[in-house]
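Laboratory data are not the source of any read-out in this text; all were calculated from the coordinates shown. None of the values given here were measured: they were computed from a predicted structure. Here Cβ is always computed from backbone atoms with ideal geometry, including for glycine, and neighbour counts include all displayed protein chains.
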Amino acid sequence: MSSKLPVLAVVYVLLSPNSATAQTIPWPQWGGPYRNFKVASPPLAESWPEAGPRTLWSRPLGDGYSAIVSDGSVLYTMYRKGGEEGAEETVIAVEAATGKTKWEHSYTAPLPSKMNPGHGPGPHATPLIAGGRLFTIGASGKLRAFDKQTGQALWARDVYNEFGLKRVGMKTDRGFSSSPLAYKETVILPLGGPGQAVAAFDQEDGGVVWKNQDFELSPSSPVLIENGGETQLVCFLATEVVGLDPESGELLWSYGHEIDYQINALTPVWGDDGLLFISTAYNGGSQMLRIPKPGTNKPVEQLWFTNRMKIHFGIAIRLGGIVYGSSGDFGPAFLTAIRAETGEILARQRGLAKAQMIFADGKFVMMAEDGTLALVRPKETGFEILSRAQVFDSRSWTVPTLVGTTLYVRDRSSMMALDLSP
């Protein structure tokens, strides 16, 4: 198996976090440059005025939870307009400096027949920038490729109909949610089902390069890890987390994680020490797994399990020996810190429910579901909230995006750019 890093990863690994170039690292995909919600940045403000950080611009935007990606000068995201039947999904490119529309492309996208849009009709997945192309997939399973400069549509696939996708979850369907991942000249997506649990599409023409495995689909987005010098594809699927060869989809390892409704939504969190963190709600909980190095023939080992940390649909970030996240499902939600090696709960703190977060300049920037934006310093003994401000009035489930010192945020009706510089 090839041990080469994917092209995007090579670019960013070569950048020193303290270099001038690293200070303007773009945000090309779900989770940022490294797909782990961390980014090197210039110094950020240690606190904000009571009204919050300075607004550079604000503009209306349609419904959806897709995060914002950026190549440094242009922002890309998705939204939905119109009713459930015959409605359109729209891919939009926005000038980062002004918020003005550069181009947009809309297509008819009726929701899947068994989809429940009660928490929003999507889109849910985040676009992917790879080279000169932009790749998107909506809640309706319409996979698209565009020229990122002009918005010209290059190719399209309808994965729900072409591959006969089943609904995600045992009782309902929230629509397709997994964000695409670039590996060499392919775009990788979980699809679910016999012989097609995960598939790789050619970036140039959308052809299927490979599809493999029999696992069922979940909303989680895949990640690439470096394990013992090997690049492995990690997918958190309906009842297990698996490691695959990104060249072929060959199964390398797997470990079970069964929950109610089969809605595993967290993006797995990898550590350089070979530990993989996964967490879910729906009578799930959190596991820390030790992933065997290639060639050792050892099984995956569970270090610990706890149901005191249950991440519903958000993300988690590992800093050194501690994993941070917003824990809670249908009741109270707590900012939680847990020791990676033992599962010991180090801190639980109320106040920023269902917070989506990124890490830069030693601080978390968090967006709570009620539209509260907060600047938080992580500590082993808790979370020090440096500043907070109400920036949205509606449900805000989208993780923020940081490029340099500019933060881009959205809710279900608008998006804005905020200045986080000192």
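A few notes on this one:
- Pairwise label distance in nanometres, Arg290 with Ser421, each label 7 Å out on the Cα-Cβ vector: 4.8 nm
- As a proxy for reagent exposure, ranking Ser58, Ser396, Ser73 by other Cβ atoms within 10 Å from fewest up yields Ser73, Ser58, Ser396.
- Using just its DSSP H runs of length 4 or more, each adding -39500 (n - 2.57), the chain gives a mean residue ellipticity at 222 nm of -500 deg cm²/dmol after division by all residues.
- Derived value for the stretch 196-244: Kirkwood hydrodynamic radius 11.8 Å. Basis is the mean of 1/r over every pair of different alpha-carbon atoms.
- Spin-label model, Ser47/Gln349: points 7 Å from Cα along the beta carbon direction are separated by 1.5 nm.
- Shown for Tyr282, Tyr76, Tyr160: other C-beta atoms within 10 Å of each C-beta, ranked fewest to most, produce the order Tyr282, Tyr160, Tyr76.
- Cβ crowding within 10 Å ranks Met78, Met309, Met416 as Met416, Met309, Met78, fewest other Cβ atoms first.
- Approximate shape of the stretch 375-420 as ellipsoid semi-axes (Cα gyration tensor, √5λ), whole Å, largest first: 22, 14, 9
- Short-range pairs are left out: with C-alpha atoms under 8 Å and at least six residues apart, the relative contact order of the stretch 293-333 is 30 percent.
- Rg and Dmax of the stretch 298-422, both derived from C-alpha coordinates alone, stand at 15.0, 50 Å.
- If R0 is 51 Å, the Cβ-Cβ spacing of Phe305 and Asp147 corresponds to a FRET efficiency of close to 0.65.
- The three principal axes of the Cα atoms in the chain give end-to-end lengths of 54, 49, 43 Å, sorted in falling order.
- Summarising the label geometry, the points placed 7 Å from Cα in the beta-carbon direction at Lys81 and Asp202 lie 3.5 nm from one another.
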